[in-house]
Amino acid sequence: MKSYKMLIGGAFVAAASGATFETENPFTGAAWATIPRAGKEDVDRAVKAAADAFRAPSWSGISASQRGALIRRFADLLAANADRLAEIETRDNGKLIAEMRGQLRYMPQWYHYFAGLADKVEGRVIPIDKPGVFNFTREEPLGVVAAITPWNSPLMLATWKLAPALAAGNTIVWKPSEYSSASALEFGALFEEAGFPPGVVNILTGFGSEIGEHLVSHPLVDKIAFTGGDRTGQGVYELAARQIKPVTLELGGKSANIVFADAVLDDAVKGVVSGIFAASGQTCIAGSRALVHRSIYPAFIKALVAFAKTAKIGDPADPSTQVGPITTRPQLDKVLSYIEIAKGEGATLALGGRRATDPACGEGWFVEPTIFTDVAPGMRIAQEEVFGPVLAIIPFDSDEEAIEIANGTIYGLAAGVWTQSIARALTMSEKLKAGTVWINTYRAVSYMSPFGGFKRSGIGRESGLSAIREYLQEKSVWIDI
Ligand code: NAD
């Protein structure tokens, strides 16, 4: 069994207590590596290392262009190691190898983009309406950023934080999910290889329930960048509020794919299927509700079920597999329990609905692609995040009703609109309360475009120009002349 160490102050170390935990392969259920189980003293060590590194001349004393050059060097190493890291992600969290390779090969772009922004952060001169004063602003890094990430897309979600935070001149303590630490530690080795000064990037592995609160409320942590469930996020926000610490929160979703009667049906079917079944529904942006105009409702469901049935389920390491396992055992139980809830609520099961027993799934934690029809907007299956391959289909009669249903949850992360009418597409893009609206496409993201939630889906934006501002603070300087 492979044995990993965590990264603190430029060295790969064990937990101070010597404790470890095992990480499992969701396809086989078997443990394959041991990971250090950090305790509070390790949090203190990592945060101190990051705080020291923030002040050290090797980081605070270098120019923004030099920071950019370091980040670019890391991007090149990442590109050279993309396929190797993709294999580790697949082994550790069961995501499809084809998707992981695509994600890892695209990931260096985030570092190149923010490396390019590093030396374009500028202050302003303010034309104050009083004689004899000169006022200008400086943009300064915040200090130590605690980045906390979930198990789905572990490296990508960390990248959305690390690339802008480092470009802005901060130092990092990254706590990956206890279910996806191995790839994080391999990633950490590349920061060292790129030549980042010791302590600029620290990676603390362990359980959120054991060290999360200590990290968030640590007095030397200046900013929290969190991605995860909305309840955990709320707890993080409450703790941060006690110390008036800035936060970025990327939380859950219950995103709607709205299919109008004038949609290109084939495209909408493919978009809805990939929106919910990609990554077995374990993405924050999963299109877990499909709102379908009543005039095309029966035809759409028939086509959707027929297409979803063709999805190849099985070994995530096989590039032709389209539906992989559920990443964790507790998540498997949660998804299966929501299927029972939906049945109990009176939704009609049109496809799937069970733990998959296909021989290709072996002992793995698989759930069949599942579709419920005749779902009422208020049912729990239409309101709560399942985080699994379970689609709830809701009929609607008018554009206004579609907007009301789409907006009628506590979340506001994303929405999809399928229509050939430009007027309708633009109206929907205005009326939908979601941080991302996709028209005739779904799941598109880029390092150039801001990503984040409305309502309970979060606070702040990742990617794009806005993201670097999350890691800077503006200082106003007055001079009496
Ligand atoms: P989670 O909330 O259980 O865990 C997220 C992280 O928080 C993990 O690293 C965990 O160890 C840590 N944590 C747990 N308790 C903590 C505490 N008390 N204090 C500080 N940290 C703590 O989420 P998960 O199950 O790993 O991930 C799934 C969730 O993430 C879903 O709700 C999904 O929607 C959300 N998500 C959101 C986005 C987005 O960008 N909006 C992206 C991916 C996933």
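Every number here is computed from the coordinates shown, using simple stated rules; none is lab data. Being a predicted model, the structure only gives us computed values, none of them experimental. In this analysis, Cβ positions are derived from the backbone assuming ideal geometry, glycine residues included, and neighbour counts consider all displayed protein chains.
Of note:
- Scaled radius of gyration (Cα, divided by 2.2 N^0.38 Å) that the stretch 276-351 gives: 1.24
- Taking the longest Cα principal axis of the chain as reference, the axis of helix 265-277 is set at about 60 degrees.
- Taking amide H atoms as placed 1.01 Å from N in the peptide plane, the amide H of L351 lies under 5 Å from those of I371, each 5 or more residues away in sequence or on another chain.
- Amide H contacts of S288: S255, each under 5 Å away and 5 or more positions distant or on a separate chain (H built 1.01 Å from N in the peptide plane; Pro and chain starts excluded).
- 0 to 90° range, to nearest 10: angle between helix 182-194 axis and the chain longest Cα axis: 40 degrees
- Based on the reciprocal of the average 1/r between different C-alpha atoms, the Kirkwood radius for the chain equals 23.3 Å.
- A Cα-only calculation for the stretch 362-458 places Rg and Dmax at 14.9, 50 Å.
- Label point distance in nm, I479-S295, each placed 7 Å from Cα along Cα→Cβ: 6.7 nm
- Descending by average beta-carbon neighbour count within 10 Å, the peptides 253-260, 198-205 line up as 253-260, 198-205, the highest first.
- Going by neighbour counts of Cβ atoms within 10 Å, the residues I71, I126 line up, fewest first, as I126, I71.
- Net charge of neighbours whose Cβ lies under 9 Å from the Cβ of C361, counting Lys and Arg as +1 and Asp and Glu as -1: -2
- Across all directions, the average projected area of the convex hull around the alpha carbons of the stretch 1-106 is 8.2 nm².
- For the stretch 236-352, the dipole from Cβ point charges (+1 on Lys and Arg, -1 on Asp and Glu) about the Cα centre works out to 180 debye, to the nearest 20.
- The chain, helix-only ellipticity at 222 nm - DSSP H runs n ≥ 4, -39,500 (n - 2.57), divided by all residues, nearest 500: -12000 deg cm²/dmol
- Neighbourhood net charge (14 Å Cβ-Cβ; Lys/Arg +1, Asp/Glu -1) for E22: +1
- Per-peptide average of other Cβ atoms within 10 Å, ordering 298-306, 370-378 highest first: 370-378, 298-306
- Degrees separating the helix 97-106 axis from the principal Cα axis of the chain, which is the longest one: 40 degrees
- Alpha-carbon geometry of the stretch 258-385: the Rg and the Dmax are 14.4, 43 Å, given in that order.
- Put a plus charge on the Cβ of each Lys and Arg, a minus charge on the Cβ of each Asp and Glu, and nothing anywhere else: the dipole of the stretch 173-246 about its Cα centre is then about 280 debye.
- The peptide list 148-155, 401-408, 342-349, put in order of mean Cβ contacts within 10 Å with the highest first, becomes 148-155, 401-408, 342-349.
- Placing R0 at 51 angstrom, the Cβ-Cβ distance between A311 and Q66 gives a FRET efficiency of 0.60 after rounding to 0.05.
- Quick note on the stretch 188-298: its Rg to Rh ratio, both from C-alpha atoms and Rh being the Kirkwood radius, is 1.17.
- Of all beta bridges that DSSP places with both ends in the chain, some 45 percent have antiparallel geometry.
- Only Lys, Arg (+1) and Asp, Glu (-1) charged, at Cβ; the chain dipole about Cα centre in debye: 340 debye
- Sequence-distant residues sharing a close amide H with I172 (under 5 Å, placed H): V145, V201, N202
- Over every Cα atom in the stretch 403-481, the radius of gyration and the widest Cα-Cα span, Dmax, amount to 17.0, 61 Å.
- Top positive-direction residue, dipole computed over the chain with Cβ charges, set T348, P108, A299: P108
- V323, V173, V445 arranged by Cβ crowding within 10 Å, fewest neighbours leading: V445, V323, V173
- Alpha-carbon centroids, the stretch 422-481 and the stretch 1-75: separation in whole Å: 29 Å
- Along the axis of the charge dipole computed for the chain (Cβ charges of +1 for Lys and Arg, -1 for Asp and Glu, origin at the Cα centre), the listed residues V273, L336, P36 are led at the positive end by P36.
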